[in-house]
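Colleague: One structure, as structure tokens, below. Some questions next.
The values are calculated or read from the model by the stated rules, or taken from the named source; none is laboratory data. None of these values were measured; they are calculated from a predicted model. In this analysis, Cβ positions are derived from the backbone assuming ideal geometry, glycine residues included, and neighbour counts consider all displayed protein chains.
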Ligand SMILES: [Zn+2]
């Protein structure tokens, strides 16, 4: 996944980040990490935080180790699908569904389990590539 944000989306991410940093209703620890990492928090759980920088790179931050690192595509997709209601324009950065993709059976194509948890089979996309590659149907 090599999607780079468009110029207008990059400006939006910068603006959302500024708003996040100034918003006293957002968690203080997330605002601190957002300032430090220069990225907008998109996903947080007990293990860590995932932030998106305006250039489209995604970093995870580990609460326990106080370490951050560039993340893999799976976390990037999870962060983007988790936050798409809050920031609908981030859809631009998600992979496009391919013609061979199947609706995800685990979440019946909704991308979430019990409406709250992100589906880990499809990373919240609601579809995934067929796994049985090369098997004649
Ligand atoms: Zn799913």
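Colleague: When residues of segment 1-26 are filtered for being modelled with pLDDT of 95 or more, under 21 Å from residue 96 (Cα atoms) and surrounded by fewer than 13 Cβ atoms within 10 Å (Cβ to Cβ), how many remain?
Modeller: Residues meeting the conditions: 2.
Colleague: Suppose we filter 66, 112, 83 for residues that are at pLDDT below 95, in contact with a strand residue (DSSP E or B) (Cβ under 7 Å, 6 or more places away or on another chain) and more than 16 Å from the ligand (Cβ to nearest atom); which single one remains?
Modeller: Going through 66, 112, 83 in turn, the sole match is 83.
Let's see how each residue does on (1) assigned to a helix (DSSP H, G or I); (2) at positive phi; (3) touching a helix residue (DSSP H, G or I) at 6+ places or on another chain (Cβ under 6 Å):
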position: 69; (1), (2), (3): no, no, no
position: 77; (1), (2), (3): yes, no, no
position: 85; (1), (2), (3): no, no, no
position: 90; (1), (2), (3): yes, no, yes
position: 99; (1), (2), (3): no, no, no
position: 109; (1), (2), (3): no, yes, no
position: 115; (1), (2), (3): no, yes, no
position: 124; (1), (2), (3): no, yes, yes
position: 131; (1), (2), (3): no, no, no
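Colleague: What about residue 17, is it part of a helix (DSSP H, G or I), touching a helix residue (DSSP H, G or I) at 6+ places or on another chain (Cβ under 9 Å) and within 16 Å of the ligand (Cβ to nearest atom)?
Modeller: Numbers: part of a helix (DSSP H, G or I): yes; touching a helix residue (DSSP H, G or I) at 6+ places or on another chain (Cβ under 9 Å): yes; within 16 Å of the ligand (Cβ to nearest atom): no.
Here the answer is no, as residue 17 does not meet what is asked.
Colleague: Testing residue 46 on (1) under 22 Å from residue 27 (Cβ atoms); (2) out of contact with any strand residue (DSSP E or B) (no Cβ under 9 Å at 6 or more places or on another chain); (3) within 16 Å of the ligand (Cβ to nearest atom), one condition comes back false. Which one is that?
Modeller: If we test residue 46 against (1) under 22 Å from residue 27 (Cβ atoms); (2) out of contact with any strand residue (DSSP E or B) (no Cβ under 9 Å at 6 or more places or on another chain); (3) within 16 Å of the ligand (Cβ to nearest atom), just (3) comes out false.
Colleague: Confirm whether residue 102 is modelled with pLDDT under 90, more than 30 Å from residue 37 (Cβ to Cβ) and within 16 Å of the ligand (Cβ to nearest atom).
Modeller: It is false that residue 102 is modelled with pLDDT under 90, more than 30 Å from residue 37 (Cβ to Cβ) and within 16 Å of the ligand (Cβ to nearest atom).
Colleague: Quick check: anything in segment 27-37 loosely packed, with under 13 Cβ neighbours inside 10 Å and closer than 22 Å to residue 123 by Cβ?
Modeller: no
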